Amino acid sequence: MKLQFSRKSLGIPYGIFLILFVVAPLVVIVSYAFTNGTGRFTLSNLTGFFADPNTLGTLLYSIVLAFVTTCVCLLIAYPVAYVLARFHWKRRSVLLMIFIMPMWINFTLRITALKEILTLIEGNLAFHPFLNSVIGMTYDFLPFMILPIYNTLEKLDGSLLEAAADLGADSVQAFLKVTLPLSVPGIVSGISMVFLPAMTNYVVLDMLYNSTYIMGSLIGSYFSAYDWHGGSMIALVLLVIICLFTLLTGRDEENARGGALL
């Protein structure tokens, strides 16, 4: 007797996984965020988040740090991806592998090695905490910006550039009016892959100069102090920000793909 599975049956394991490891944890976070120590409903955790200058300062610092890191990664990654995609070198795959290989090494070892290098250069890492954080974040997330931009540029139809040249466009005009607009989906994907984790990646700051001035560390400090209600509210606010950012970048990516098709 042959066993037959429908598409709905094959989706049952994924549904169970989502319920156990996505929906259930979210329900727990929401329940803790809107209750007090006695289990009663309250909005004090929400109002306390926006009334606490320390929490708002940490949120602002995290956003600024993630924004600067994303900009630096984009400024470095786009030229690298452009060169790798548009110039047909025989060893192009080897060069691409060089940028990916650091991802194979343990994250802690990479940051420890970077810390030793920065210590030799600066002496005391506490003198330039923001700069060191940007350097550490850029070193960690740069491949996540290079790969989506490279994939987009590598698939770019070369006949479009030839048509632009036939119409009298020089190399700069062809780049600004053809290559750059068509590479926007890769740029948006790279921004999403860098900005969101950079907002919460406290490991870099903690290892470089023992700082907890970022959202991920702030959430951890609340839970370490057994303030699950305050920590859950901070996590929930951060989740809402991430969802809004993902929604906006996803919409921009769809618009960019639609414009590219036109």
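The values are calculated or read from the model by the stated rules, or taken from the named source; none is laboratory data. From a predicted model like this one, the values you see are computed outputs, not experimental measurements. Note that each Cβ is placed from the backbone with ideal geometry, even for glycine, and that neighbours are counted across all protein chains shown.
Got a number for residues in the stretch 193-203 being touching a residue at least 60 places away in the same chain (Cβ under 8 Å) and under 17 Å from L247 (Cβ atoms)?
Within the stretch 193-203, residues that are touching a residue at least 60 places away in the same chain (Cβ under 8 Å) and under 17 Å from L247 (Cβ atoms) number 3.
Having 2 or more residues that are of a type in the set (F, W, Y) is the bar; report the helices (runs of 4 or more DSSP H) wholly within the stretch 10-109 that clear it.
12-18, 44-51, 53-86
Among the residues of the stretch 87-105, write down those that are surrounded by 14 or more Cβ atoms within 10 Å (Cβ to Cβ) and over 30 Å from D157 (Cα atoms).
Matches in the stretch 87-105: P102 only.
Pick out the one residue from L142, L125, L74, L84 that is modelled with pLDDT under 90, surrounded by 13 or more Cβ atoms within 10 Å (Cβ to Cβ) and more than 18 Å from D206 (Cα to Cα).
Just a single option satisfies the conditions, and that option is L84.
Filter the stretch 152-169 for residues that are assigned to a helix (DSSP H, G or I), surrounded by fewer than 17 Cβ atoms within 10 Å (Cβ to Cβ) and free of Cβ contacts under 8 Å to residues at least 24 places away in the same chain and give the result.
Across the stretch 152-169, the qualifying residues are G158, S159, L160, E162, A163, A165, D166.
If T108 satisfies all but one of (1) closer than 28 Å to L208 by Cα; (2) surrounded by 17 or more Cβ atoms within 10 Å (Cβ to Cβ); (3) in contact (Cβ under 8 Å) with a residue 24 or more places away in the chain, what's the number of the condition it fails?
(2)
Which condition does K155 not pass, out of (1) within 27 Å of the chain's Cα centre (by Cα); (2) closer than 30 Å to I214 by Cα, if it passes all the others?
Condition not satisfied by K155: (2).
Could you count how many residues in the stretch 31-50 are surrounded by fewer than 15 Cβ atoms within 10 Å (Cβ to Cβ) and over 27 Å from S133 (Cβ atoms)?
Number of matching residues: 11.
Test of understanding: among V178, V194, V172, which residue is in contact with a Leu (Cβ under 6 Å, 6 or more places away or on another chain) and either modelled with pLDDT of 85 or more or outside any helix (DSSP H, G or I) (or both)?
Result of the check over V178, V194, V172: V178.
Looking at the structure I just gave you, is P185 in contact with a Lys or Arg (Cβ under 7 Å, 6 or more places away or on another chain) and more than 20 Å from H88 (Cβ to Cβ)?
yes
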